[in-house]
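Notes for the one structure printed next.
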Amino acid sequence: MRFSVYSLMRHALGGAAWPEQWRSPEPRAAYDVVIVGAGGHGLATAYYLARDHGVRNVAVLERGWLGGGNTGRNTTVIRSNYLWDESAMLYEHALKLWEGLAQELNYNVMYSPRGVMMLAHSVHDVQVFKRHVHANRLNGIDNEWLTPEQAKAFCPPLNTSSELRHPILGAALQRRAGVARHDAVAWGYARAASALGVDIIQNCEVTAICRVPSGAVAAVETTRGRIAARKVAAVAAGHTSVVMAMAGLCMPLESYPLQALVSEPVKPVLPCVVMSNSIHAYISQSDKGELVIGAATDAYVSYSQAGGLHIAEHTLEAICELFPTFRRLRMLRNWGGIVDVTPDRSPIIGLTPVPGLYVNCGWGTGGFKATPGSGHVFAATVARGEPHPIAAPFSLDRFRTGRLIDEAAAAAVAH
Ligand code: FAD
Ligand code: PYC
């Protein structure tokens, strides 16, 4: 059964048509779907392929370790307060799945809807966030406007003094939004997918995508040998451009370092997530007690998994102005990830010009929140060979047609 795809392809190609460079060694295995990247999105895709579409002959190939990419490096903010209808549908679909995910996976992903508050510091901010509040409510998504006094009541440590260099003029609050435990999400999906028959192979980097003369994908070359595949789904986050180039595709993506840090752990002091796009900082408190603080992307493209120190310093200045009591805390550790950013700051989910090759990428600084929804609609897209209705607007083709989904203002941190 495992080798049926390979045998069929050999038969279809009549042996002689099989390109010389692939003839030896023979593929070690053959799958209906090979997923490149065992982050949350890749693992969720595998899980929903098996659960909803009966596609269980699936391999998830990971060059490092499971969840060791952005999934294990992010600051876990989950929200669905995006501006445009297409995005609202996508992120709200994900938020609804988050609400039942621990039960679904029988794994505690520690989803905690403690509220995400976005601060407005200028007339422009106020206008933009109020526009989001109205747009969200028209889409049935909770979001409300708070005065500075109401923001202070919701988050007592917040400094709402009018003496601030960037005073708080109000805030948009999504109460159903919150945080989760990032690595638990990867492990939860991995365990559930594995239980349904999916193979998850770590330390297995995809180094080439092999295509038959008609152009369709047929196999991937990896550091552990060749693996035949009827379909290949690239879910490689910051390295998507590299993977897609293996199939001759140039993607509308730029890769940037994005960094975060945590303080030493303290008793519960911060009841919600607070974000400030204007001054480039956001903060929450993990269940371990650490204050989780995120910064902006670096200004330059890079594959280095570490952001500039001056950017972290700027973020800490902003945090200390917003929360003067946190000045006394020490930093425990910092880290970075590589995020892939599209021109309109919205993801790409769907088919590609290469038959059998699918892509899920471009989540930039904000894909963790989408993990369940992304996997769910991408699995349907890969299984059926046509876009799931929620995924359809996020096609690669939109960069040709010009039908972009500009979510720059909803991005949590400036980039
Ligand atoms: P990843 O988890 O990166 O998985 C991709 C995997 O592909 C990696 O494990 C990688 O090793 C593997 N891979 C790459 N190339 C190959 C290859 N050739 N062969 C095999 N495997 C390969 N989003 C939010 O919604 N909220 C947040 O608060 C938030 N904060 C963030 C903070 C930071 C510091 C960072 C870096 C990101 C943040 N994000 C946030 C963004 C979020 O982390 C990502 O959008 C999301 O995790 C992407 O998930 P993924 O599964 O697509 O990618
Ligand atoms: O998209 O909400 C978000 C986010 C927070 C931090 C980084 N991204």
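Given the options ASN136, ASN159, name the one that is outside any strand (DSSP E or B) and open to solvent by 20 Å² or more (accessible area, probe 1.4 Å). Let's see the steps before the verdict.
Working: ASN136 fails: open to solvent by 20 Å² or more (accessible area, probe 1.4 Å).
Result: ASN159 is the single residue among ASN136, ASN159 that is outside any strand (DSSP E or B) and open to solvent by 20 Å² or more (accessible area, probe 1.4 Å).
Do we find that SER284 is part of a loop (DSSP other than H, G, I, E, B), touching a residue at least 40 places away in the same chain (Cβ under 8 Å) and either open to solvent by less than 20 Å² (accessible area, probe 1.4 Å) or away from ligand 1 (no atom under 13 Å from the Cβ) (or both) in this structure?
Numbers: part of a loop (DSSP other than H, G, I, E, B): no; touching a residue at least 40 places away in the same chain (Cβ under 8 Å): yes; either open to solvent by less than 20 Å² (accessible area, probe 1.4 Å) or away from ligand 1 (no atom under 13 Å from the Cβ) (or both): yes.
When the stated conditions are applied, SER284 does not pass them.
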**Fill in**
Checked ARG114, ARG79 against criteria (within 16 Å of ligand 2 (Cβ to nearest atom), open to solvent by less than 40 Å² (accessible area, probe 1.4 Å) and either modelled with pLDDT under 95 or among the basic types (Lys, Arg) (or both)); the one match is ARG79
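Just to be sure, is SER276 closer than 20 Å to PHE399 by Cα and in contact with a helix residue (DSSP H, G or I) (Cβ under 8 Å, 6 or more places away or on another chain)? Lay out the reasoning, then the answer.
Values: closer than 20 Å to PHE399 by Cα: no; in contact with a helix residue (DSSP H, G or I) (Cβ under 8 Å, 6 or more places away or on another chain): yes.
No; evaluated as a whole, the condition is false for this residue.
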**Asked** Scanning region 67-120 for residues that are polar (S, T, N, Q) and closer than 14 Å to PRO372 by Cα, which turns out farthest from ligand 1 (Cβ to nearest atom)?
**Response** GLN103
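In region 342-365, how many are open to solvent by 10 Å² or more (accessible area, probe 1.4 Å) and either closer than 28 Å to TYR31 by Cα or not charged (D, E, K, R) (or both)? Spell out how you get there, then give the answer.
Within region 342-365, the first condition is being open to solvent by 10 Å² or more (accessible area, probe 1.4 Å), and the residues that meet it are 343, 345, 351-353, 355-356, 358, 363-365.
Checking the rest, the ones that are also either closer than 28 Å to TYR31 by Cα or not charged (D, E, K, R) (or both) come to 343, 351-353, 355-356, 358, 363-365.
Result for region 342-365: 10.
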**Asked** open to solvent by less than 10 Å² (accessible area, probe 1.4 Å), closer than 15 Å to ALA234 by Cα and either among the polar types (S, T, N, Q) or without any contact (Cβ under 8 Å) to a residue 12 or more places away in the chain (or both): does that describe SER374?
**Response** yes
**Message:** I'd like to verify a number: residues in region 302-330 that are open to solvent by 60 Å² or more (accessible area, probe 1.4 Å), of a type outside the set (Ser, Thr, Tyr), modelled with pLDDT under 95 and not in a helix (DSSP H, G or I), how many?
**Reply:** 1
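Can you spot a residue in region 243-260 that is β-branched (Val, Ile, Thr) and surrounded by fewer than 22 Cβ atoms within 10 Å (Cβ to Cβ)? Explain how you work it out, then say what you get.
Within region 243-260, the subset β-branched (Val, Ile, Thr) is 243.
Pick out the ones that are also surrounded by fewer than 22 Cβ atoms within 10 Å (Cβ to Cβ) and you get none.
No: region 243-260 contains no residue that is β-branched (Val, Ile, Thr) and surrounded by fewer than 22 Cβ atoms within 10 Å (Cβ to Cβ).
Out of the residues in region 40-58 meeting the condition of being open to solvent by 10 Å² or more (accessible area, probe 1.4 Å) and over 18 Å from the mean Cα position of the chain (by Cα), tell me which one is farthest from PRO372 (Cα to Cα).
Start the filter on region 40-58 by keeping residues that are open to solvent by 10 Å² or more (accessible area, probe 1.4 Å), which leaves 41, 47, 51-57.
Then keep just the ones that are over 18 Å from the mean Cα position of the chain (by Cα); that gives 51-57.
Working: ARG51: 13, ASP52: 13, HIS53: 16, GLY54: 18, VAL55: 18, ARG56: 18, ASN57: 21 Å.
If we take residues in region 40-58 being open to solvent by 10 Å² or more (accessible area, probe 1.4 Å) and over 18 Å from the mean Cα position of the chain (by Cα), then ASN57 is farthest from PRO372 (Cα to Cα).
Condition first: closer than 30 Å to LEU270 by Cα, within 13 Å of ligand 1 (Cβ to nearest atom) and not aromatic (Phe, Trp, Tyr). Can you find one or more residues in region 186-195 that meet it?
Checked region 186-195: at least one residue is closer than 30 Å to LEU270 by Cα, within 13 Å of ligand 1 (Cβ to nearest atom) and not aromatic (Phe, Trp, Tyr).
The values are calculated or read from the model by the stated rules, or taken from the named source; none is laboratory data. The shown structure was predicted, so the numbers you read here are calculated from the model rather than taken from an experiment. Neighbour counts run over all protein chains shown; Cβ positions are idealised from the backbone, glycine included. With ligands, DNA and RNA removed, areas are computed over all heavy atoms of the protein, side chains included. Shrake-Rupley method; radii C 1.70, N 1.55, O 1.52, S 1.80 Å.
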